[in-house]
1. Consider S106 carefully, then state whether it is polar (S, T, N, Q), at pLDDT below 80 and under 16 Å from the mean Cα position of the chain (by Cα).
2. Being part of a helix (DSSP H, G or I), modelled with pLDDT under 90 and not β-branched (V, I, T): is that true of R80 here?
3. Might you check whether a residue that is part of a loop (DSSP other than H, G, I, E, B) and in contact (Cβ under 8 Å) with a residue 60 or more places away in the chain occurs anywhere in segment 21-44?
4. Quick check, is I7 under 30 Å from S77 (Cα atoms), part of a helix (DSSP H, G or I) and free of Cβ contacts under 8 Å to residues at least 40 places away in the same chain?
5. Restricted to segment 10-38, and to residues that are out of contact with any Ser or Thr (no Cβ under 8 Å at 6 or more places or on another chain) and of a type in the set (V, I, T), which residue is farthest from E76 (Cα to Cα)?
Amino acid sequence: MKENNSIDIINPTTGEVIDSITITSKEDVESIGYMVKQAALQCRSLSRFKRSEILAETAKLITLEKHQFAKLITQESGKRLLSPIKRLIDESTHLSWLPKRRNVMSVN
């Protein structure tokens, strides 16, 4: 940890500093937790169909940006590029399949 309460993110393969992140204070974590709880309550009020639409849109966005996500995952983990791309495709495919499956089973 640096003096300014930040930590460098280092590529374990090359030792290169990719970025640095600020350490979050306990108060900030509690505030973020409160906001997440409020968002979860708002989400509960949405119909299953609306939540499924949001998941489908999320899957599309992940797919569109998969190469950037994969590059970042590769830099942070030191793994080969193909592995994160395959993982992102698998996960976004699951997100887009799940809403369709739930819509068939859902009454809302």
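The values are calculated or read from the model by the stated rules, or taken from the named source; none is laboratory data. Note that the structure is predicted; figures quoted are calculated from it, not measured. No Cβ is skipped: glycine too gets one built from the backbone with ideal geometry, and neighbour counts run over all protein chains shown.
1. On the way: polar (S, T, N, Q): yes; at pLDDT below 80: yes; under 16 Å from the mean Cα position of the chain (by Cα): no.
No.
2. Working: part of a helix (DSSP H, G or I): no; modelled with pLDDT under 90: yes; not β-branched (V, I, T): yes.
Considered against the rule, which asks whether it is part of a helix (DSSP H, G or I), modelled with pLDDT under 90 and not β-branched (V, I, T), R80 comes out as no.
3. For segment 21-44, residues part of a loop (DSSP other than H, G, I, E, B) and in contact (Cβ under 8 Å) with a residue 60 or more places away in the chain: absent.
4. Working: under 30 Å from S77 (Cα atoms): yes; part of a helix (DSSP H, G or I): no; free of Cβ contacts under 8 Å to residues at least 40 places away in the same chain: yes.
Answer is no for this residue.
5. From segment 10-38, those out of contact with any Ser or Thr (no Cβ under 8 Å at 6 or more places or on another chain) are 10-11, 13-19, 24-31, 33-38; that's our starting set.
Narrowing further to those that are of a type in the set (V, I, T): 10, 13-14, 17-18, 24, 29, 36.
Numbers: I10: 7, T13: 9, T14: 10, V17: 10, I18: 8, T24: 19, V29: 23, V36: 26 Å.
Looking at residues that are out of contact with any Ser or Thr (no Cβ under 8 Å at 6 or more places or on another chain) and of a type in the set (V, I, T), I get V36.
A quick yes/no check of all residues on (1) modelled with pLDDT under 95; (2) surrounded by fewer than 11 Cβ atoms within 10 Å (Cβ to Cβ); (3) out of contact with any strand residue (DSSP E or B) (no Cβ under 9 Å at 6 or more places or on another chain):
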site: D19; (1), (2), (3): yes, no, no
site: T22; (1), (2), (3): yes, no, no
site: S25; (1), (2), (3): yes, yes, yes
site: S31; (1), (2), (3): no, no, yes
site: M35; (1), (2), (3): no, yes, yes
site: L55; (1), (2), (3): yes, no, yes
site: I62; (1), (2), (3): yes, no, yes
site: E65; (1), (2), (3): yes, no, yes
